[in-house]
Amino acid sequence: MAELRIVGTAHVSQKSVEEVRAAIEEFRPDIVAIELDPARFSALKKQARDPTVDDVLEVKNFNSLLVQWLLSYLQRKIGIDVGVEPGAEMKAAIAEAEGRGIAIALVDRDLRLTLLRFWKSMGIIEKIKMVFALIYSIAEIDRGEEIDIESLKEQDVIDAVMEEFRRFSPNGARALIDERDAFIAHQLVLLKVQRPEGRILAVVGAGHRQGITNYVEHPQTLPPFDTLAREPRSFPWAKIFGFLVTGLFAFLLAAIAFSGVGWMVLLYALLFWVIIHGVLAAVFTLIAGGHPYSALTCFGVAWMTSLNPLLHAGWFAAYVEAKVRKPPVSDFRKIYETESIQEMARIPLFKVVLVAALANLGSLIGTILYFIFVFPLLHIDPGVVISNGVHNMWTWATGLI
């Protein structure tokens, strides 16, 4: 059976770069397996085609893309502070392997699939906690908070961090850590079978080393590969919520119409729906730095998209923002090179994605506030209106039979 050695690294550590080079020199592997997927490998080697704004708009996965960019920014800031480029140890492994004529295997799962599974696996509370934790971490780094990078490779520190992450976001930890441990282990086991007499050196993040090792030593515990490599099939809670909102709004209007409080009250109920959603979606678009045309678009469509689970106001705002700002292809790379959040916020493509995310958030808040405040705004008793409306609807319906 092939001999396998796993090197755990910190992605912004100069010491890890040296350890990778030393491991290749000492172990003399036949193949170097790297914790990268083809897209990230091409990006590291500057061979990848940068996505266009049309690619971003077509995918519509604005929230997870924002999280990806912020995570990348956080890692890059840490790397800048310690004088090491993120992914330097992977670059060193690639350079050493290519220089020595050693084969390279890319054993990590596609980043887009990982982020999709990561985002969809979390509930709304986990997502909110994750975003706030990310913002807090970025603020700490921007204030100059020092981090002992080398301590992050110590097993007791890794265990503590992993335990905290699992407590904080169990579903996120499963998608981001456990599933990738299993995916990489599958690839390494396959390499061992394909090269029974070879030597395999795996270069992975320190947080993955123990999980991968456990799986490789006990391959019978590995989950089926196809369960790790397909898009998640999560329960469509968002669509169900959207249809419930549509049904609740229709029921509310019907109850008001049949309650006898007058058509002006019904008209105001409709008007408040348009205004609350439109104003909040437009305001959040402007908070994101969106163009007034994007905000005006949001104001015009938010009332309608909030009643259609298959549409979102942010999609329309992002489309208009893209037409107005015209982000160049180079924006995607610039986002990964910025040294401050303020600089990132000025990049047109970032603005397009942020506008989409915040416009949707504004519309969602509008839905919640509407059902909380509509009856006080209308100066009517909800119990009386709904009971009278339901009674009159029932009388009317039975009269038709």
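The values are calculated or read from the model by the stated rules, or taken from the named source; none is laboratory data. Quick caveat: nothing in here was measured; it's all calculated off a predicted structure. Reconstructed Cβ throughout: ideal geometry from the backbone, glycine too, with neighbour counts over all protein chains shown. Just so you know, the surface numbers come from the protein's heavy atoms only, side chains and all, with ligands and any DNA or RNA stripped out. Shrake-Rupley method; radii C 1.70, N 1.55, O 1.52, S 1.80 Å.
Quick notes on this one:
- Taking (1) at pLDDT 95 or above; (2) within 30 Å of Gly383 (Cβ to Cβ) in turn, Val261 satisfies each apart from (1).
- Residue within region 286-299 that is within 26 Å of Leu369 (Cα to Cα), part of a helix (DSSP H, G or I) and polar (S, T, N, Q) present: yes
- Within region 1-66, helices (runs of 4 or more DSSP H) holding 1 or more residues that are under 24 Å from Ala357 (Cβ atoms), among the hydrophobic types (A, V, I, L, M, F, W, C) and open to solvent by less than 20 Å² (accessible area, probe 1.4 Å): 53-59
- The lone exception for Gln75 - which of (1) modelled with pLDDT of 75 or more; (2) in a helix (DSSP H, G or I) it fails: (1)
- Residue match in region 359-381 (condition: farther than 30 Å from Ile256 by Cβ, out of contact with any Leu (no Cβ under 7 Å at 6 or more places or on another chain) and open to solvent by 30 Å² or more (accessible area, probe 1.4 Å)): no
- For the residues Leu364, Leu377, Leu400, the requirement of being free of Cβ contacts under 8 Å to residues at least 60 places away in the same chain, of a type outside the set (Val, Ile, Thr) and closer than 27 Å to Leu311 by Cβ singles out Leu364.
- Residue match in region 331-347 (condition: basic (Lys, Arg), open to solvent by 40 Å² or more (accessible area, probe 1.4 Å), out of contact with any Gly (no Cβ under 6 Å at 6 or more places or on another chain) and in a helix (DSSP H, G or I)): yes
- The helices (runs of 4 or more DSSP H) found entirely in region 168-243 that carry 2 or more residues being touching a strand residue (DSSP E or B) at 6+ places or on another chain (Cβ under 8 Å), in contact (Cβ under 8 Å) with a residue 60 or more places away in the chain and crowded, with 20+ Cβ neighbours inside 10 Å are 179-194, 206-217.
- For region 309-324, a residue qualifies if it is open to solvent by 50 Å² or more (accessible area, probe 1.4 Å) and modelled with pLDDT of 90 or more, and the qualifying residues are His312, Trp315, Phe316, Tyr319, Lys323, Val324.
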